[in-house]
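Working notes for the structure below.
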Amino acid sequence: MGNLLVYSGITTKIRAMRSRLLSEKDFEEISALHNVPEVVAYLKKHSAYADDFAQIDENKLHRGDVEKILVQSLYDDYSRLYRFSGIEVRKFMKLYLKRYEVDLINYCLRIIFNHYEQPFDLNYKRTFFDRYSQISIEKLITSRTIEEFVDNLQGTEYYEPLRKLRDSNASTLFDYDLALDLYYYTTLWKEKKKVLKKSELEIFTRDIGSKIDLLNLQWIYRAKKYFKMQPADIYSMIIPIHFKIHRDTMKELVETASVEEFIAHVASTYYVKRYDFDDHHTIERVYFECIQRLYTVDERRNPYSIASINTYLFLKEEEIKRLTSTLECIRYGLTPKETLDYTGGVIQK
């Protein structure tokens, strides 16, 4: 009864928001459009994005402008759920917020390493981060060196791990990306017990544990296929947490001699044995389908829990990624079929 009382209002809110997500038919129709203005005109008619684009002239928007509005829509949804939540649920949402913080830091690190000028397109994020985060966008985007950038993270949880990395004379963007991801996932794994109890702790442990396992599989595969990395280097980049893939199995996967051998071994793991690696089921696709199934099953079995929030935000984030990819395909003149194939098929609601 406790969870029912805590989540009854927010679950009803999420059901209404979820009903407004784009359908597969919507994506089929969008993929047949010819340019950004046509896509914006279509989104104006869709209830989920109508308000976001209502006062905007689609003929004056570029693809990047559309992407900013879509991300702002995600932040707005997070804010609505946060305002609708009680104290205990807000603790979980603050834990969830770390993903957006890490994404922001990663983006700003690219500004430093690629010597970009101050980007105009982060101003729209300031209200959200000023309200929910200790990170100052103003400080980050005015940093000109990695030393200054790390110092400007003082007062946040990200300062100490990045300071240690900086002081070790790490010099590449890859080093910082890797350090952030490792910090993020190990912190979630540790802090979940402080924020969640009983069935909700079990749900989140299953969700984040599966995500870590699947990400490790992706990273090992990419390291072998695209970068020809040696096992010693691969060990340094995988998350040191084992959920459904035993430590010994992970060791075997890391130390396989070739991509083909890796695929043969990974096919027998808990997550992948129902899939074949082919044009339709790449390891990235396996990751998405496993996580999607896990989240939706958790929500169906536990509608009055964090599973409802977790699943909705996941679906919204994936919708925005797919819309962004669809815009890129339209920009380059791909056919509707090519666009649908490239953007990965159905997102179940």
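The values are calculated or read from the model by the stated rules, or taken from the named source; none is laboratory data. Quick caveat, the model's predicted, so the values are computed rather than measured. For neighbour counting, all protein chains shown are included, and Cβ atoms are generated from backbone atoms with ideal geometry for every residue, glycine included. Just so you know, the surface numbers come from the protein's heavy atoms only, side chains and all, with ligands and any DNA or RNA stripped out. Shrake-Rupley method; radii C 1.70, N 1.55, O 1.52, S 1.80 Å.
In the condition set (1) polar (S, T, N, Q); (2) closer than 29 Å to ARG285 by Cβ; (3) open to solvent by 70 Å² or more (accessible area, probe 1.4 Å), THR249 is compliant with all but (3). If I ask for residues that are part of a loop (DSSP other than H, G, I, E, B) and open to solvent by less than 10 Å² (accessible area, probe 1.4 Å), which ones from region 219-239 would you list? Correct list: ILE239 only.
For region 197-218, the count of residues that are among the β-branched types (Val, Ile, Thr), open to solvent by less than 10 Å² (accessible area, probe 1.4 Å) and not in a helix (DSSP H, G or I) is zero.
Of all residues in region 11-30, those satisfying the criterion of being within 20 Å of PHE314 (Cα to Cα), aliphatic (A, V, I, L, M) and not in a loop (DSSP other than H, G, I, E, B) are ILE14, ALA16, MET17.
Considering (1) part of a helix (DSSP H, G or I); (2) surrounded by 17 or more Cβ atoms within 10 Å (Cβ to Cβ), the lone condition that LEU33 does not fulfil carries the number (1).
For residues in region 223-273 being of a type in the set (Lys, Arg) and in contact with a helix residue (DSSP H, G or I) (Cβ under 8 Å, 6 or more places away or on another chain), which is nearest to LYS190 (Cα to Cα)? Among them, the one singled out is LYS244.
Every condition in (1) of a type in the set (Lys, Arg); (2) more than 22 Å from the chain's Cα centre (by Cα); (3) under 15 Å from LEU323 (Cα atoms) is met by ARG20 except one, and the failing one is (2).
The residue of region 36-63 that is most open to solvent (accessible area, probe 1.4 Å), among those that are touching a residue at least 12 places away in the same chain (Cβ under 8 Å) and among the small types (Gly, Ala, Ser), is SER47.
Here the helices (runs of 4 or more DSSP H) wholly within region 279-348 that include at least 2 residues being at pLDDT 95 or above and not polar (S, T, N, Q) are 306-331.
For region 93-106, does any single residue satisfy the condition of being in contact (Cβ under 8 Å) with a residue 40 or more places away in the chain, out of contact with any His (no Cβ under 9 Å at 6 or more places or on another chain), of a type in the set (S, T, N, Q) and over 25 Å from HIS62 (Cα atoms)? No, region 93-106 contains no residue that is in contact (Cβ under 8 Å) with a residue 40 or more places away in the chain, out of contact with any His (no Cβ under 9 Å at 6 or more places or on another chain), of a type in the set (S, T, N, Q) and over 25 Å from HIS62 (Cα atoms).
Does region 240-255 contain at least one residue that is at pLDDT 95 or above, touching a Leu at 6+ places or on another chain (Cβ under 7 Å) and not in a helix (DSSP H, G or I)? Checked region 240-255: no residue is at pLDDT 95 or above, touching a Leu at 6+ places or on another chain (Cβ under 7 Å) and not in a helix (DSSP H, G or I). When we screen TYR185, TYR176, TYR100 for residues that are farther than 29 Å from SER305 by Cβ, surrounded by 14 or more Cβ atoms within 10 Å (Cβ to Cβ) and of a type outside the set (A, V, I, L, M), the only hit is TYR176.
Scanning region 147-168 for residues that are outside any helix (DSSP H, G or I), surrounded by 14 or more Cβ atoms within 10 Å (Cβ to Cβ) and either among the hydrophobic types (A, V, I, L, M, F, W, C) or more than 22 Å from the chain's Cα centre (by Cα) (or both) yields ASN152, LEU153. Against the condition more than 30 Å from LEU340 (Cβ to Cβ) and without any contact (Cβ under 8 Å) to a residue 60 or more places away in the chain, how does SER79 come out, does it pass? Answer is yes for this residue. Residues considered: ILE212, ILE234, ILE263. Of these, the only one that is on the phi < 0 side of the Ramachandran plot and under 20 Å from the mean Cα position of the chain (by Cα) is ILE212. So is LEU22 hydrophobic (A, V, I, L, M, F, W, C) and open to solvent by less than 60 Å² (accessible area, probe 1.4 Å) or not? Considered against the rule, which asks whether it is hydrophobic (A, V, I, L, M, F, W, C) and open to solvent by less than 60 Å² (accessible area, probe 1.4 Å), LEU22 comes out as yes.
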